[in-house]
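Heads up: the structure comes next, in structure tokens.
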Amino acid sequence: MKPEARQLKEYARRRGELMKRIGRDGVAIIPGSREVVRARDTHYKFRQDSDFKYLSGFVEPDAILVMAPGRKSEGHAAEFVMFVRARDADMEIWHGRRAGPEGAVRDYGADEAFTVDEFAAELPRLLSGRKQVHYTMGEHAHLDATVAGCVREIREVSRRGAAAPTDIVALETSLHEMRLKKSAAELKLMARACAISAEAHCIAMRRTRPGVNEWQIGAEIEAHFAHNGMEPGYGSIVGGGDNACILHYVENNQALKDGDLLLIDAGGELDGYTADITRTFPVNGRYSKAQRAVYEIVLAANKAAIKTLKVGESVGKPHEVATRILTEGLVELGLLKGNPRDLIKAGKQRQFYMHGTGHWLGMDVHDVGRYKLDGAYRKFEAGMVMTVEPGLYIAPGSKGVDPKYWGIGIRIEDDVVVTDQGPRVLTGGVPKDVDQIEKLMSG
């Protein structure tokens, strides 16, 4: 699908910002994704590299972007150059339409476009006169040798007076800082993805009952994504009983049992932006006393951590607050013994809480952007989006733990935007308070 005019304007704005960041002495090379073989002559469904889509909206495989700031003012025709697959009538019958170089210019705003086979021949003139090449070595092995060889070639020529690049700089230094803070257009997409994903979780709660299989509930969720023009943003986790104690459980193939909890971690992706929601609820519609006791601790940690997502606050604060509340709760339940502060210092809570409290969210479920600058946690800024997902996981047979808690795995995850007015939860469309969940399931 070709981008709309408003989308093209947004992509152009992003490219302009990136070119400002790399400066007129730099040139950026951004490869797109390649197709990945699933088995023999079949492939996994193609998904474009997030950096590439962020800058162009182009969703065909094997493409390359080159951005050379200031070339137009130097008398050249192009600053934004695309290398794409050539048109091929036979291949398009089998695998779908291609834009070709002409379409890259006409429909995607490229100043100039070539076939991808021409990349090696055209690259030297695009790099000539530049001091820095912004390209991430090691992530695109099929191009690394071409880029490095071109730089060496220009350096050889530079001995006779031509300017040549002196550095190859990791592109994410500039680009990923841009992606970290979302624009109004991005936040609108994310809000929609979160709203639809929240609806899917509500459907799952209504459909869940003893005897239903995990994969059936997963199918209900992903069907709702599909009905709304979305697809899963990552592999859905649908874990009943002690499967919830496996953080990245993906089998999703066990029958749900009366008296167990069901943990669902699933989010839909809309036009490249994903939601990431986790809810944990009783298979039979009612939390047991032990389940509710653990759940309320996790819920308190979730709510308190969300409040810390404020402009100027440390990015490490949500985890600090959540860990303290979870550890205090573990002591109250008798699962840990001692002073909570000392237990945290010794890492004892990690027996039951072994992951971070949140991560950046955007085009990737674990989105790009640094958490620390110069060795210290950075401060939250408006436009950043983070998940808040504390949990407690009490594995079966845990030593020193009352058996009534064995097999209880609970995580509660919301997606939150940092704004100048405070944190804004995007995933409030699915309940997380015990009474609200039980009411929804009883209906």
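The values are calculated or read from the model by the stated rules, or taken from the named source; none is laboratory data. Just so it is clear, the model here is predicted, and its values are computed rather than measured. Please note: Cβ atoms are built from the backbone with ideal geometry, for glycine as well, and neighbour counts cover all protein chains shown.
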Quick one: Glu79 ticks every box in (1) more than 22 Å from Ala141 (Cα to Cα); (2) surrounded by fewer than 19 Cβ atoms within 10 Å (Cβ to Cβ); (3) of a type in the set (D, E, K, R) except a single one, so which number is it? (2)
Selection count, the range 60-69, where residues are in contact (Cβ under 8 Å) with a residue 40 or more places away in the chain and either β-branched (Val, Ile, Thr) or surrounded by 22 or more Cβ atoms within 10 Å (Cβ to Cβ) (or both): 6
Out of (1) assigned by the TED database to the domain that holds Gly362; (2) part of a helix (DSSP H, G or I), what's the single condition that is false for Gly211? (2)
If I ask for residues that are over 20 Å from Asp276 (Cβ atoms) and either aliphatic (A, V, I, L, M) or under 14 Å from the mean Cα position of the chain (by Cα) (or both), which ones from the range 364-381 would you list? Leu373, Ala376
Test Lys345 against the criterion of being at pLDDT 95 or above, surrounded by fewer than 16 Cβ atoms within 10 Å (Cβ to Cβ) and in contact with a Lys or Arg (Cβ under 9 Å, 6 or more places away or on another chain), and give yes or no. no
Would you please list the contacts, defined by Cβ atoms under 9 Å and residues six or more apart or on different chains, that run from a residue in the range 1-27 that is without any contact (Cβ under 8 Å) to a residue 60 or more places away in the chain and of a type in the set (A, V, I, L, M) to a residue that is in a strand (DSSP E or B) and surrounded by fewer than 19 Cβ atoms within 10 Å (Cβ to Cβ)? none
Would you mind finding the one in Tyr249, Tyr234 that is in a loop (DSSP other than H, G, I, E, B) and closer than 18 Å to Trp360 by Cα? Tyr234
Residues in the range 268-276: is at least one in contact (Cβ under 8 Å) with a residue 60 or more places away in the chain and out of contact with any helix residue (DSSP H, G or I) (no Cβ under 7 Å at 6 or more places or on another chain)? yes
Quick test of your reading of the structure: Met1 fulfils all but one of (1) assigned to a loop (DSSP other than H, G, I, E, B); (2) over 21 Å from Glu231 (Cα atoms). Name the failing condition by number. (2)
Looking only at the range 20-40, count how many residues are farther than 20 Å from His142 by Cα and either more than 24 Å from the chain's Cα centre (by Cα) or not in a helix (DSSP H, G or I) (or both). 8
Among the residues of the range 269-287, how many are part of a strand (DSSP E or B), more than 16 Å from Ile410 (Cα to Cα) and of a type outside the set (A, V, I, L, M, F, W, C)? 3
If Glu122 satisfies every condition in (1) of a type in the set (Asp, Glu); (2) in contact with a helix residue (DSSP H, G or I) (Cβ under 9 Å, 6 or more places away or on another chain); (3) surrounded by fewer than 18 Cβ atoms within 10 Å (Cβ to Cβ) but one, which is the exception? (2)
Evaluate the range 49-57: report whether one residue or more is assigned to a loop (DSSP other than H, G, I, E, B), under 18 Å from Val147 (Cβ atoms) and hydrophobic (A, V, I, L, M, F, W, C). no
Output the number of the condition that Ala86 fails; it satisfies all remaining conditions of (1) touching a Ser or Thr at 6+ places or on another chain (Cβ under 7 Å); (2) over 30 Å from Arg6 (Cα atoms); (3) among the small types (Gly, Ala, Ser). (2)
Hits in the range 79-126 - residues which are part of a loop (DSSP other than H, G, I, E, B) and under 17 Å from Val27 (Cβ atoms): Glu79, Ala110, Asp111
Condition check for Ala89: hydrophobic (A, V, I, L, M, F, W, C), at pLDDT below 95 and either within 29 Å of the chain's Cα centre (by Cα) or in the same structural domain as Asp51 (by the TED database) (or both): no
Condition check for His366: in contact with a His (Cβ under 7 Å, 6 or more places away or on another chain) and within 21 Å of Ala322 (Cα to Cα): yes
Which condition number does Glu139 fail, the rest of (1) of a type in the set (D, E, K, R); (2) crowded, with 16+ Cβ neighbours inside 10 Å; (3) in a loop (DSSP other than H, G, I, E, B); (4) within 30 Å of the chain's Cα centre (by Cα) being met? (2)
Mind checking whether some residue in the range 314-332 is touching a residue at least 24 places away in the same chain (Cβ under 8 Å), assigned to a strand (DSSP E or B) and within 22 Å of Val388 (Cα to Cα)? yes
